[in-house]
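Asker: Quick one: this structure, given as structure tokens, is what I'll be asking you about.
The values are calculated or read from the model by the stated rules, or taken from the named source; none is laboratory data. If you're wondering where the values come from, they're calculated on a predicted model, not measured in any experiment. Here the Cβ positions follow ideal geometry from the backbone for every residue, glycine too, while neighbour counts run over all protein chains shown.
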Ligand code: V47
Ligand code: SF4
């Protein structure tokens, strides 16, 4: 029979927990016990150190051909509030980020119905022209699939051209919940979970690192979450290309799924999800708390629940805020350093590829 003591022994011996054990942890009433186990795993690899980075998000357009039921960001071209940045607007944002000490530009947007592939290449080149030292982490696996169809090229050739233009790595969005039955209800027009994984495998084969997310706290079950993480763990066993796992807590405003949000999600669920991820995903080096959606306080507390990475300064965030996130738009480097220090931990600024830049 599964028990916490049994799982603790297994984890203590450096062994991998299975799906039933992950489910047991999700269902376990003792949050602090699960958290302590996750903290132990994290301490073994990272000690007291917590990563953050100085970055800027650019959401170049909110015009999207899809209508995911959880999304408050996407618009059709003729809807009020629809926008598309031109290259000058992208350049200005990259210049501003550089002047603020950013090392990363994070670009994601809607699936625009009529931008040419060349626009995406030009956007990457524009940021690299501002400074070749800026790392461009851009385009979810969903966007990469869309760009491959747009360009008519193979996935490998699409990625090669994007890389040549300056693509440095991929963010982890678009994963949502990978299991078909849930995905059909969340985002029927989006690529399948299998395709998301296939694109990520191609990304890793192209020599690019990527992140992986999971959108939780809506209609999915704990079993769906475990299934999602199992698929990520399996791909990571094959490629080793994922840098970090980032659970994204569902924001319920201004989207059709919002009224279905069940009362179960909240701070306890957020912390438990991060903790189970830390214990289950033994081949992921980093677990990130995305403070934009969690809020700063839960993100800070999560540092005692297995988390070793906080998303960066962000600066301009639309996807979570359009859906009701009540966190500030940005946190300065000093604020992040203070948040980590007040948790009794050591702040370490990293670059996108997890090279350490400075210990505070
Ligand atoms: O794929 C959309 C999610 C993602 C909502 O890789 C929502 O470093 C909550 O992936 N409530 C995009 N989430 C953001 C993303 C991300 C963010 C920060 C860091 C990284 C990284 C990646 O946002 C989408 C979708 O899963 N999302 N709507 C919502 N209502
Ligand atoms: Fe479009 Fe992405 Fe929103 Fe889905 S989540 S509607 S693909 S912008």
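Asker: Sort through 301, 268, 292 and tell me the only one that's within 16 Å of ligand 2 (Cβ to nearest atom) and either assigned to a helix (DSSP H, G or I) or buried (at least 24 other Cβ atoms within 10 Å of the Cβ) (or both).
Answerer: Of the residues listed, the single one that is within 16 Å of ligand 2 (Cβ to nearest atom) and either assigned to a helix (DSSP H, G or I) or buried (at least 24 other Cβ atoms within 10 Å of the Cβ) (or both) is 292.
Asker: Within the bounds of the range 115-137, is there any residue that is under 30 Å from residue 260 (Cβ atoms) and within 16 Å of ligand 2 (Cβ to nearest atom)?
Answerer: No, every residue in the range 115-137 fails to be under 30 Å from residue 260 (Cβ atoms) and within 16 Å of ligand 2 (Cβ to nearest atom).
Asker: Starting from residues that are without any contact (Cβ under 8 Å) to a residue 60 or more places away in the chain and either crowded, with 22+ Cβ neighbours inside 10 Å or under 17 Å from the mean Cα position of the chain (by Cα) (or both), keep the ones in the range 163-182 and report whichever is farthest from ligand 2 (Cβ to nearest atom).
Answerer: Step by step, filter the range 163-182, then rank; the result is 167.
Asker: For the range 1-109, which fully contained helices (runs of 4 or more DSSP H) count at least 3 residues that are within 24 Å of the chain's Cα centre (by Cα)?
Answerer: 19-27, 31-46, 87-99
Asker: Residues that are under 29 Å from residue 14 (Cβ atoms), part of a helix (DSSP H, G or I), under 18 Å from the mean Cα position of the chain (by Cα) and more than 16 Å from ligand 1 (Cβ to nearest atom): does the range 329-344 have at least one?
Answerer: Checked against the condition, which is being under 29 Å from residue 14 (Cβ atoms), part of a helix (DSSP H, G or I), under 18 Å from the mean Cα position of the chain (by Cα) and more than 16 Å from ligand 1 (Cβ to nearest atom), the range 329-344 yields no hits at all.
Asker: Just to verify a result, which residue in the range 168-180, among those that are out of contact with any helix residue (DSSP H, G or I) (no Cβ under 8 Å at 6 or more places or on another chain) and outside any loop (DSSP other than H, G, I, E, B), is nearest to ligand 1 (Cβ to nearest atom)?
Answerer: Only one residue tops the list, namely 169.
Asker: Kindly check whether there is at least one residue in the range 121-130 that is touching a strand residue (DSSP E or B) at 6+ places or on another chain (Cβ under 6 Å) and at pLDDT 95 or above.
Answerer: Yes, the range 121-130 has at least one match.
Asker: Among the candidates 205, 223, which residue alone is away from ligand 2 (no atom under 16 Å from the Cβ) and within 24 Å of residue 23 (Cβ to Cβ)?
Answerer: The conditions single out 223.
Asker: Looking at this structure, is residue 326 more than 15 Å from residue 106 (Cα to Cα) and buried (at least 20 other Cβ atoms within 10 Å of the Cβ)?
Answerer: no
Asker: Now for a different question. What are the pairs with Cβ atoms under 8 angstrom where one residue, in the range 189-208, is at positive phi and the other, located anywhere, is surrounded by fewer than 21 Cβ atoms within 10 Å (Cβ to Cβ)? Sequence gap at least six, or different chains.
Answerer: 207/163
Asker: Give me a count of the residues in the range 40-60 that are surrounded by 21 or more Cβ atoms within 10 Å (Cβ to Cβ) and within 16 Å of ligand 2 (Cβ to nearest atom).
Answerer: 3
Asker: When both residues are 6+ apart or on different chains and their Cβ atoms are under 7 Å apart, which pairs have a first residue that lies in the range 74-87 and is under 13 Å from residue 60 (Cα atoms), and a second that is away from ligand 2 (no atom under 12 Å from the Cβ) and not in a loop (DSSP other than H, G, I, E, B)?
Answerer: Once the first residue is under 13 Å from residue 60 (Cα atoms) and sits in the range 74-87, its partners that are away from ligand 2 (no atom under 12 Å from the Cβ) and not in a loop (DSSP other than H, G, I, E, B) give 87/122; 87/123; 87/126.
Asker: On to the next question. Going by the structure shown, is residue 189 within 12 Å of ligand 1 (Cβ to nearest atom), part of a loop (DSSP other than H, G, I, E, B) and surrounded by fewer than 19 Cβ atoms within 10 Å (Cβ to Cβ)?
Answerer: No: the conditions fail for residue 189.
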